[in-house]
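S.K.: What follows is a structure written as structure tokens; I'll ask about it next.
The values are calculated or read from the model by the stated rules, or taken from the named source; none is laboratory data. Everything quoted here is computed from the prediction, not taken from an experiment. FYI the Cβ positions are ideal-geometry reconstructions off the backbone, even for glycines, and counts take in every protein chain you see. These area figures cover heavy atoms from the full protein model, side chains too; ligands, DNA and RNA do not enter into them. Shrake-Rupley method; radii C 1.70, N 1.55, O 1.52, S 1.80 Å.
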Amino acid sequence: MNAPLTDRDRQKAKLARLTDIADRLAGDVWHVDADGDKIRLVTRRSTGEDALLLTINSDALHDEIEIIASALDHLFLFLGLRSRAVETVQELRAEIERLKRKTDSDDLTRTVSIMLSWRTFQRFLETRGAGGLVRSKAEADTRLKSVLNISSKTLLNTDDRARQACLKLLSDYDIWKRGGR
């Protein structure tokens, strides 16, 4: 037995149906034809033929006639607006993710690269892993990579495990600076 459709699923189905209809009616033009007291909605199909769609009662208000007669144009307008909105949202989401990754990863890599030259960070690294004293930025770089088990600091940009290990190491460094072990 199928589960009942959610409102979102019903909306998606309706949108898919309207998109399909719009695709089939692309190139058609609707217009109002008034002949005495008869008001007719006529289509000129993309094939070139004219067809009567409906006859509207003369009691119909102008606004009612206009909304009916312009339904096809409105369908194309709304589907076009939706399509542009979907594209924009996708582009914005991708840009947000790109900026988030760039900001997060660049800041950590840059911060760690700067910290490697700090004597206090070098002394902290001496307490981590094997290898004894750390007296230069190059030695600090080597020790950091050993402690984090990475081959390059650029992995901090792309490898979540390396990033988390580095953040933990930096947290330990802050505790160590304040006198904790």
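S.K.: Express in Å², to the nearest 10, the accessible area of residue 111 obtained by rolling a 1.4 Å probe over the protein heavy atoms while all chains stay in place.
M.R.: It works out to around 60 Å².
S.K.: Out of the GluC sites (Glu not before Pro) in segment 31-133, which ones are loop residues according to DSSP with at most 14 other C-beta atoms within 10 Å?
M.R.: Those satisfying the criteria are 49.
S.K.: Please list 24, 110, 143 from largest to smallest accessible area, probe radius 1.4 Å, with all protein chains kept in place.
M.R.: 24, 110, 143
S.K.: Follow-up. Quick one: putting +1 on the C-beta of Lys and Arg, -1 on the C-beta of Asp and Glu, what dipole do you get for segment 82-181 around its Cα centre, in Debye to the nearest 20? Display every interim value, and only then the final one.
M.R.: Details: 22 positive and 14 negative charges, 56 e Å.
It works out to roughly 260 debye.
S.K.: Positive end of the charge dipole of the chain (Lys, Arg +1 and Asp, Glu -1 on Cβ, about the Cα centre): tell me which of 96, 134, 13 has its Cα farthest that way.
M.R.: Selected residue: 134.
S.K.: How much accessible area does residue 47 have with a 1.4 Å probe, in Å² rounded to the nearest 10?
M.R.: Counting only protein heavy atoms, residue 47 exposes about 110 Å² to solvent.
S.K.: Treating only the Cβ of Lys, Arg, Asp and Glu as charged (+1, +1, -1, -1), what charge dipole size does segment 1-147 show about its Cα centre? Round to the nearest 20 debye.
M.R.: It works out to roughly 1880 debye.
S.K.: Full-extension gain between residue 71 and residue 90, please, as 0.36 nm times their residue separation minus the C-alpha to C-alpha distance. Don't jump to the answer; show the numbers that get you there.
M.R.: Working: separation 19, 0.36 × 19 = 6.84 nm, distance 2.82 nm.
Contour length minus Cα-Cα distance gives 4.0 nm.
S.K.: Roll a 1.4 Å probe over the protein chains and send me the accessible area per residue for the chain in Å². Write down the numbers at each step before the final one.
M.R.: On the way: 12720 Å² over 181 residues.
Heavy-atom SASA per residue in the chain reads 70 Å².
S.K.: Could you give log10 I(q)/I(0) at q = 0.10, 0.11, 0.18 Å⁻¹ for the chain, computed by the Debye formula over C-alpha point scatterers of equal weight, without solvent?
M.R.: -0.64, -0.69, -1.13
S.K.: Roll a 1.4 angstrom probe over the protein heavy atoms and tell me the percent of accessible area of segment 1-74 that is carbon or sulfur.
M.R.: Here carbon and sulfur together make up 53 percent of the probe-accessible area.
S.K.: Exactly which chymotrypsin sites (Phe, Trp or Tyr not before Pro) in segment 51-139 are in a DSSP loop and have at most 16 other Cβ atoms within 10 Å?
M.R.: Values: sites: 76, 78, 118, 121, 124; in loops: 118.
Loop-located and lightly packed - 118.
S.K.: Name the residue farthest towards the positive end of the dipole of segment 36-130 from the options 112, 85, 69, assuming +1 on Cβ of Lys and Arg, -1 on Cβ of Asp and Glu, about the Cα centre.
M.R.: The Cα lying farthest towards the positive end belongs to 112.
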